[in-house]
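The values are calculated or read from the model by the stated rules, or taken from the named source; none is laboratory data. Keep in mind the model is a prediction, meaning the values are calculated, not measured. Neighbour counts run over all protein chains shown; Cβ positions are idealised from the backbone, glycine included.
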There are 2 protein chains.
Amino acid sequence: METGHIASAFDRDLEGIQAQIMKMGGMVETAMADAARALEMRDTELAQQVRRNDKLIDALEEQVASDVARVIAMRAPTAGDLRTVLSVLKISGNLERMGDYAKNLGKRTSVLSEMPAINGTGGAIRRMSQSVNLMLKDALDAYIQRDVALAEDVRQRDSEIDQMYNALFREFLTHMMEDPRNITACMHLHFIAKNIERMGDHVTSICEQVIYLVTGELPDEDREKEDKTPYATGAE
Amino acid sequence: METGHIASAFDRDLEGIQAQIMKMGGMVETAMADAARALEMRDTELAQQVRRNDKLIDALEEQVASDVARVIAMRAPTAGDLRTVLSVLKISGNLERMGDYAKNLGKRTSVLSEMPAINGTGGAIRRMSQSVNLMLKDALDAYIQRDVALAEDVRQRDSEIDQMYNALFREFLTHMMEDPRNITACMHLHFIAKNIERMGDHVTSICEQVIYLVTGELPDEDREKEDKTPYATGAE
């Protein structure tokens with residue numbers, strides 16, 4: 001077997017595991033969109049479907065982990081190739097967590113559909129979810145194209161998600177103060193909003209992997225961002 | 001350089017990165033204990049300290065990731081050795097998340113200290129946190145000793161944490177219904193309880209790594225457990 005052959009088989013391996021990331025990303029995008037629509041439309045059947053489909057995302061993560069181990073064992077990658085392989089592992093972990101959050105949204109939709117609706121919040125949550133979904137799409141594009149500028153752009157957009165979450169938090173408080181019968185529903189909606197905000201954090205983490213892959217360094221401010229959220233208002 | 005020499009240098013590498021996991025685990029145990037005590041005692045200074053110390057946990061995770069990449073690149077591990085190396089990466093991720101939750105608990109303590117106290121909940125949260133802390137200690141022991149029975153035992157104990165969380169959830173609901181002035185504080189306390197429950201999930205994930213390392217297979221029921229929590233009561 002000559003070297004060119006080995007290198008090209010390795011390239012195919014790298015492409016293969018990265019293609020799995022894109023597939024997994026597409027499944028998470030669908031799960032998020034379906035979960036948000038199910039919540040807004042009180043569609044418990046669609047919510048159930050999101051919960052069932054999460055098993056496929058989990059299975060794909062395990063497949064990725066096993067393929068990554070195989071690639072490392074067979075090809076013994078170093079330097080940039082090793083970084084690529086390890087980024088696949090990290091990003092598949094982020095996507096799996098996002099899938100879990102979508103599943104949890106589906107669960108809470110089943111519970112919420114039996115409670116009085118809280119006016120206006122379904123639409124606000126859907127918009128927030130759509131923004132994160134678009135961030136995810138762009139983050140995956142940035143990953144596959146190794147586009148640092150796009151990755152940076154997506155990271156910046158995460159602060160809009162934080163603002164949307166803070167606005168919703170205040171809205172839930174108001175509804176709960178106004179009428180105690182809203183409390184249980186608002187606690188679930190609050191969790192949903194928080195989980196979508198956390199999905200945004202996972203997208204940010206994917207962007208950091210892109211930056212790391214290209215520049216070899218993690219962005220400096222990543223750990224600081226969280227501290228800037230207005231927890232003094234009680235929102236974080 | 002003869003083979004024996006290489007193997008023993010590799011063993012030292014493996015021991016080194018596993019020792020980092022134990023160190024990181026110890027830091028997370030301290031963070032959890034301090035965060036729970038700060039909450040119960042309304043000790044904002046201690047809460048601040050927990051938040052500052054999280055940077056050290058984050059730095060250690062990055063160090064572990066970089067050391068793991070170095071070990072893979074230099075030693076090209078396969079089979080069981082590769083599983084060990086990858087488990088280090090996974091577990092350091094779990095510990096880093098647990099550190100984040102402790103930090104978040106510290107943040108919320110600063111906010112809560114300016115609100116009316118909710119009777120009885122500080123102690124209940126401390127007990128829940130202590131149980132998870134003990135689970136973490138046992139999970140790390142199980143990891144270092146490759147003790148599948150202990151890992152299984154810790155996994156089973158996670159359902160007690162879920163029960164504690166569910167009881168607290170109902171208690172918070174009651175306090176909020178009784179007096180709207182409790183709502184904001186209860187929402188923070190609810191997040192704290194939920195985050196401790198999530199810490200338990202991360203400990204469970206560490207146990208699954210132990211089982212995977214020894215048996216080569218992930219336990220079957222891991223993804224199912226979550227579905228058994230009584231979300232129909234609105235508690236999950």
Just to verify a result, which residue in region A:36-60, among those that are within 12 Å of chain B (Cβ to nearest Cβ) and of a type in the set (Gly, Ala, Ser), is nearest to A:ILE206 (Cα to Cα)? A:ALA59
Give the residue, chosen from A:LEU89, A:LEU82, that is facing chain B (nearest Cβ under 8 Å), buried (at least 20 other Cβ atoms within 10 Å of the Cβ) and not aromatic (Phe, Trp, Tyr). A:LEU89
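Per-residue answers, yes or no, for (1) under 22 Å from A:LEU105 (Cα atoms); (2) modelled with pLDDT of 50 or more:
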residue	(1), (2)
B:ILE196	yes, yes
B:GLY200	yes, yes
B:VAL210	no, yes
B:VAL214	no, yes
B:ARG223	yes, no
B:ASP227	yes, no
B:PRO230	yes, no
B:ALA235	yes, no
Condition (residue is surrounded by fewer than 21 Cβ atoms within 10 Å (Cβ to Cβ) and under 19 Å from A:ASN133 (Cβ atoms)) applied to region A:167-180: is it met by at least one residue? yes
Would you be able to tell me the number of residues in region A:98-132 that are modelled with pLDDT of 95 or more and either under 23 Å from A:LEU213 (Cβ atoms) or in a loop (DSSP other than H, G, I, E, B) (or both)? 3
Taking A:ALA33 as the residue in question, decide whether it is surrounded by fewer than 18 Cβ atoms within 10 Å (Cβ to Cβ) and within 11 Å of chain B (Cβ to nearest Cβ). no
Checked B:ARG52, B:ARG42 against criteria (exposed (fewer than 15 other Cβ atoms within 10 Å of the Cβ), of a type outside the set (Asp, Glu) and under 30 Å from B:LEU112 (Cα atoms)); the one match is B:ARG52
Which pairs have Cβ atoms under 9 Å, sit 6 or more apart or on different chains, and link a residue in region B:35-64 that is on the phi > 0 side of the Ramachandran plot and in contact (Cβ under 8 Å) with a residue 24 or more places away in the chain to one that is charged (D, E, K, R) and exposed (fewer than 15 other Cβ atoms within 10 Å of the Cβ)? none
Somewhere in region B:88-106, is a residue of a type in the set (D, E, K, R) and at positive phi? no
Identify, from the list A:ALA124, A:ALA117, A:ALA151, A:ALA79, the residue that is on the phi > 0 side of the Ramachandran plot and over 14 Å from the mean Cα position of the chain (by Cα). A:ALA79
Residue identified as crowded, with 20+ Cβ neighbours inside 10 Å, within 24 Å of B:LEU134 (Cα to Cα), touching a helix residue (DSSP H, G or I) at 6+ places or on another chain (Cβ under 7 Å) and not β-branched (Val, Ile, Thr) among B:LEU189, B:LEU213: B:LEU189
Any residue in region A:130-149 that is within 11 Å of chain B (Cβ to nearest Cβ) and either out of contact with any Cys (no Cβ under 9 Å at 6 or more places or on another chain) or surrounded by fewer than 19 Cβ atoms within 10 Å (Cβ to Cβ) (or both)? no
For A:GLN63, which of the numbered conditions (1) surrounded by 19 or more Cβ atoms within 10 Å (Cβ to Cβ); (2) within 21 Å of the chain's Cα centre (by Cα); (3) within 14 Å of chain B (Cβ to nearest Cβ) fails to hold? (1)
Counted residues, region A:86-107 - those being within 29 Å of A:ALA185 (Cβ to Cβ) and more than 10 Å from the chain's Cα centre (by Cα): 5
Please go through region A:194-218 and pick out each residue that is aliphatic (A, V, I, L, M), closer than 22 Å to B:ALA69 by Cβ and either touching a residue at least 12 places away in the same chain (Cβ under 8 Å) or assigned to a helix (DSSP H, G or I) (or both). A:ILE206, A:VAL210, A:ILE211, A:LEU213, A:VAL214
